1. From Thr51, Thr90, grab the single residue that is open to solvent by less than 60 Å² (accessible area, probe 1.4 Å), polar (S, T, N, Q) and without any contact (Cβ under 8 Å) to a residue 24 or more places away in the chain.
2. How many of the residues in the range 91-142 are among the aromatic types (Phe, Trp, Tyr) and over 18 Å from the mean Cα position of the chain (by Cα)?
3. Scan the range 104-115 and report the pairs whose first residue is among the small types (Gly, Ala, Ser) and whose second residue is in a helix (DSSP H, G or I), with Cβ atoms within less than 6 Å and a gap of 6+ or a chain change.
4. Mind listing whichever residues of the range 28-47 are in contact (Cβ under 8 Å) with a residue 12 or more places away in the chain and open to solvent by 50 Å² or more (accessible area, probe 1.4 Å)?
5. Can you confirm whether the range 134-144 contains a residue that is open to solvent by 30 Å² or more (accessible area, probe 1.4 Å) and either aromatic (Phe, Trp, Tyr) or within 21 Å of Phe50 (Cβ to Cβ) (or both)?
6. Here's a check for you: in the range 5-42, which residue that is of a type in the set (Lys, Arg) and not in a helix (DSSP H, G or I) is farthest from the chain's Cα centre (by Cα)?
7. So in the range 104-147, with the set limited to residues that are charged (D, E, K, R) and not in a loop (DSSP other than H, G, I, E, B), which one is farthest from Asp84 (Cα to Cα)?
8. Being in contact with a Ser or Thr (Cβ under 8 Å, 6 or more places away or on another chain), open to solvent by 80 Å² or more (accessible area, probe 1.4 Å) and polar (S, T, N, Q): is that true of Gln80 here?
Amino acid sequence: MSNIADLIEEYILRRLSSEQNRKVELRRTDIADKICCAPSQISYVLNTRFTLKKGFVVESRRGLGGFIRIAQVPLDFIYQDMLDKIDENTELDEIQRMVRYLLQRQLIQTREAAIVMQFFTFAYDKLEAAERARMIRSVFLTLANFS
């Protein structure tokens, strides 16, 4: 069974995915009523799961007439941030986190993630650090170009 934070996150992500411009304006009280939780729990989810680092911009105002405006960051920003982090010293677990992030945000499909991860595992086993970083960056650039 999901916890309250997961339910809040799922609700917000569902609402975002239903909007073509990937922006949504919500009210804490509406979410709290729908999920049966306290507005402070919504604030917690916004502060921990909807951060710029995770691909979201959140604008929030509390009180009467308050709102929450959430927008997903453009894909090119997300991929560029990943590309900037890849160098000869990047560990496999960091690359795996990047792929999971893309999968969770539905920027790639499960099949693509599996193929990419298989390649990355091979790259860490068989390629020198400089060549490995170049190949991994190339894969992320290809994913960005097809997004």
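1. Thr51
2. 4
3. Pairs that qualify, where the first residue is among the small types (Gly, Ala, Ser) and the partner is in a helix (DSSP H, G or I), are Ala113/Val99; Ala113/Leu103.
4. Selection gives Lys34, Gln41, Tyr44.
5. There is no residue in the range 134-144 that is open to solvent by 30 Å² or more (accessible area, probe 1.4 Å) and either aromatic (Phe, Trp, Tyr) or within 21 Å of Phe50 (Cβ to Cβ) (or both).
6. So, considering only residues that are of a type in the set (Lys, Arg) and not in a helix (DSSP H, G or I), the one farthest from the chain's Cα centre (by Cα) is Arg27.
7. Restricting to residues being charged (D, E, K, R) and not in a loop (DSSP other than H, G, I, E, B), the top hit is Arg111.
8. Spelling it out, it is not the case that Gln80 is in contact with a Ser or Thr (Cβ under 8 Å, 6 or more places away or on another chain), open to solvent by 80 Å² or more (accessible area, probe 1.4 Å) and polar (S, T, N, Q).
The values are calculated or read from the model by the stated rules, or taken from the named source; none is laboratory data. A quick note: this is a predicted structure, and the numbers were derived from the prediction, not measured. Ideal geometry is used to build each Cβ from the backbone, glycine not excepted, and the neighbour counts take in all protein chains shown. Only protein heavy atoms, including side chains, enter the accessible area calculation; ligands, DNA and RNA are left aside. Shrake-Rupley method; radii C 1.70, N 1.55, O 1.52, S 1.80 Å.
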